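The values are calculated or read from the model by the stated rules, or taken from the named source; none is laboratory data. These numbers come from a predicted model, not from an experiment. Every residue, glycine as well, gets a Cβ built from its backbone with ideal geometry; the counts of neighbours run over all protein chains shown. Side chains included, ligands, DNA and RNA excluded: accessible areas come from the protein's heavy atoms. Shrake-Rupley method; radii C 1.70, N 1.55, O 1.52, S 1.80 Å.
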Amino acid sequence: KKLILIDINEYNLYAIQSELENISSTINPSLFQKVNSILGSIRDEHRMEEIISTQGIDTIYHSAAYKHVPLVEENPFEGVFNNIIGTKACVEAAIESKVGTFVLISTDKAVRPTNIMGATKRFAELILQSMALENKTKMTMVRFGNVIGSSGSAIPLFQQQIKDGGPVTVTHPDVI
């Protein structure tokens, strides 16, 4: 019936809101009237509970995670705090608010992780799995690889390298 966007980044929230507004005006003018944009952090469990309960949210698609491997390697505590603690807070808020379904958007890097980012995403998956049996909220997850145009996508880097005349680096030499 409605779409609630939650993001801690004001510009990203504005950008997706603008994109949806543009799509709405060309495809379905009544669509945008059903979209609410809220500034907030998944790390704040009480704020999440407040948003979920006041907005009557039934399904959560949780994609709030740090995804850039080199940056998370350089900032491991932020990676842990956001990807693990933030996911746990969001899941607990969903359970407390009796959300019907919680979908974690994970990464292919969670499969036998070789870096901190992948390990934090795998830990987030384990949080869902551990809570799935004890609660009525249906817990599910999906793993994606490099999604073109998404935050964390390597494609913009490749496009810039091509524009600059190359070379195109498939990966950073320090990434395993």
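Got at least one residue in region 107-128 being under 20 Å from residue 3 (Cβ atoms) and either in a helix (DSSP H, G or I) or open to solvent by less than 40 Å² (accessible area, probe 1.4 Å) (or both)? No, because not a single residue in region 107-128 is under 20 Å from residue 3 (Cβ atoms) and either in a helix (DSSP H, G or I) or open to solvent by less than 40 Å² (accessible area, probe 1.4 Å) (or both). When residue 37 is tested against (1) surrounded by fewer than 13 Cβ atoms within 10 Å (Cβ to Cβ); (2) closer than 17 Å to residue 6 by Cβ, exactly one condition is not met: (1).
Can you say whether residue 73 is at pLDDT below 95 and under 30 Å from residue 1 (Cβ atoms), as far as the supplied structure shows? Spell out how you get there, then give the answer.
Details: at pLDDT below 95: yes; under 30 Å from residue 1 (Cβ atoms): no.
Spelling it out, it is not the case that residue 73 is at pLDDT below 95 and under 30 Å from residue 1 (Cβ atoms).
Scanning region 2-61 for residues that are farther than 23 Å from residue 141 by Cα and hydroxyl-bearing (Ser, Thr, Tyr) yields 11, 14, 18, 24, 25, 26, 30, 37, 54. Can residue 31 be described as open to solvent by 60 Å² or more (accessible area, probe 1.4 Å) and aliphatic (A, V, I, L, M)? Answer is yes for this residue. Residue check: residue 5 meets all listed conditions (1) over 26 Å from residue 121 (Cα atoms); (2) open to solvent by less than 70 Å² (accessible area, probe 1.4 Å); (3) aliphatic (A, V, I, L, M) but one, namely (1).
Part of a loop (DSSP other than H, G, I, E, B), open to solvent by 80 Å² or more (accessible area, probe 1.4 Å) and either at pLDDT 90 or above or not aliphatic (A, V, I, L, M) (or both), is that true of residue 66?
Working: part of a loop (DSSP other than H, G, I, E, B): yes; open to solvent by 80 Å² or more (accessible area, probe 1.4 Å): yes; either at pLDDT 90 or above or not aliphatic (A, V, I, L, M) (or both): yes.
Considered against the rule, which asks whether it is part of a loop (DSSP other than H, G, I, E, B), open to solvent by 80 Å² or more (accessible area, probe 1.4 Å) and either at pLDDT 90 or above or not aliphatic (A, V, I, L, M) (or both), residue 66 comes out as yes.
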